[in-house]
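Report on the following structure.
The values are calculated or read from the model by the stated rules, or taken from the named source; none is laboratory data. Source: prediction; values computed, not measured. FYI the Cβ positions are ideal-geometry reconstructions off the backbone, even for glycines, and counts take in every protein chain you see.
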């Protein structure tokens, strides 16, 4: 382990490494910190995350080699999908195989996803017509401070502490090809709010004691929050069921985060802190995002502006209520929420009619999708008849 104490040269080297890495990531340094445009295109945001994704794929090399041949078979060819018969089935991730499929799928995201913290429940959404994967989503504990959410609810700190347990965050959500070409992301967004999902969460956490306050609480969520990965969202905007808007845009995040610091650099900063004053507490409930807090402390110790964690990419914030008088419930003004009826089969029927069928008629290119396109490493070997060797 490096001896950081009394080693200004080493500290200066680490300081230069931080600034150089930020520059290579794509940010411009000014006297006030790191600044960037707040009107990035989606492709520009993907490009800014390219190095982070490359690092992630390199770390996952052994996992991909172990699981790829098995999990790729779970994706559909385009000619296996009839848009008029898409029928989602929700599978809570439990087995090693299911976990591998979920993890492998997230590696295709252009913006690497968080693994979440606190309560975490991962889901696969399979198509009953062919038993192939439509998409995935995951629900976890929400961030403690989310300005757009908190201002709309209008709750006090005491009310938030009492009822934040009844809010979950969809920190992973998306469809895979060929369903993505059929606007399947909107279907996954609908499935995440369904009665079926809510009951799965209830059964998982019913009777469990909360970690922070040591209380047994009502486990069914009354509100789902989520933020877009690529600025303004194309998935959550205008997602309706019947005549009701499901996801409500309530603003944007401020553009703070940590993706611009590579895993290797973060580990170096962590080592630096462990030998120069300690690392911030890690447990959920000890304050905002642990990585952000750690980076702020490390940057200060290196005589750098802690506002270097400001990357300027503002993500759109959405709230999806699951019950009537949800704000009153979260503020402690009513004791029992009145749940909306969000039947999974009815939502699937609405999706097929509203999005899947019209899109398939306008653009039949989804039929050209092949599951082997989902391979992350070298192409799988095929025999002369096109079968996997």
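What is the residue count in the stretch 24-48 for residues that are out of contact with any helix residue (DSSP H, G or I) (no Cβ under 9 Å at 6 or more places or on another chain), under 29 Å from residue 376 (Cβ atoms) and either surrounded by 12 or more Cβ atoms within 10 Å (Cβ to Cβ) or at pLDDT below 65 (or both)?
Looking only at that region, the number is 4.
Restricting to the stretch 330-347, count the residues that are farther than 14 Å from residue 199 by Cβ, surrounded by 13 or more Cβ atoms within 10 Å (Cβ to Cβ) and out of contact with any helix residue (DSSP H, G or I) (no Cβ under 7 Å at 6 or more places or on another chain).
Residues in the stretch 330-347 being farther than 14 Å from residue 199 by Cβ, surrounded by 13 or more Cβ atoms within 10 Å (Cβ to Cβ) and out of contact with any helix residue (DSSP H, G or I) (no Cβ under 7 Å at 6 or more places or on another chain): 1 in total.
Pick out the one residue from 319, 357, 342, 304 that is at pLDDT 95 or above and part of a loop (DSSP other than H, G, I, E, B). It would help to see each step written out before you state the result.
Details: 319 fails: part of a loop (DSSP other than H, G, I, E, B); 357 fails: part of a loop (DSSP other than H, G, I, E, B); 304 fails: at pLDDT 95 or above.
None of the others qualify; the one that does is 342.
Examine the stretch 104-111 for a residue that is within 25 Å of residue 322 (Cα to Cα) and surrounded by 17 or more Cβ atoms within 10 Å (Cβ to Cβ), and state whether such a residue exists.
So in the stretch 104-111, the residues within 25 Å of residue 322 (Cα to Cα) come out as none.
No, the conditions are met nowhere in the stretch 104-111.
So, restricting to strands (runs of 3 or more DSSP E) that lie completely within the stretch 110-178, which ones have at least 2 residues that are over 16 Å from the mean Cα position of the chain (by Cα)? Steps first, please.
Values: elements: 120-127, 132-140, 167-175.
Those strands (runs of 3 or more DSSP E) span 120-127, 132-140.
Taking the stretch 60-80 as the search range and keeping residues that are touching a strand residue (DSSP E or B) at 6+ places or on another chain (Cβ under 7 Å) and assigned to a loop (DSSP other than H, G, I, E, B), which one is farthest from residue 179 (Cα to Cα)? Steps first, please.
To start, the set of residues in the stretch 60-80 that are touching a strand residue (DSSP E or B) at 6+ places or on another chain (Cβ under 7 Å) comprises 74-76, 80.
Applying the additional criterion that residues be assigned to a loop (DSSP other than H, G, I, E, B) yields 74-76.
Values: 74: 13, 75: 10, 76: 9 Å.
Result: 74.
Taking the stretch 360-377 only, how many residues are surrounded by 17 or more Cβ atoms within 10 Å (Cβ to Cβ) and in a helix (DSSP H, G or I)?
Total satisfying the criteria: 4.
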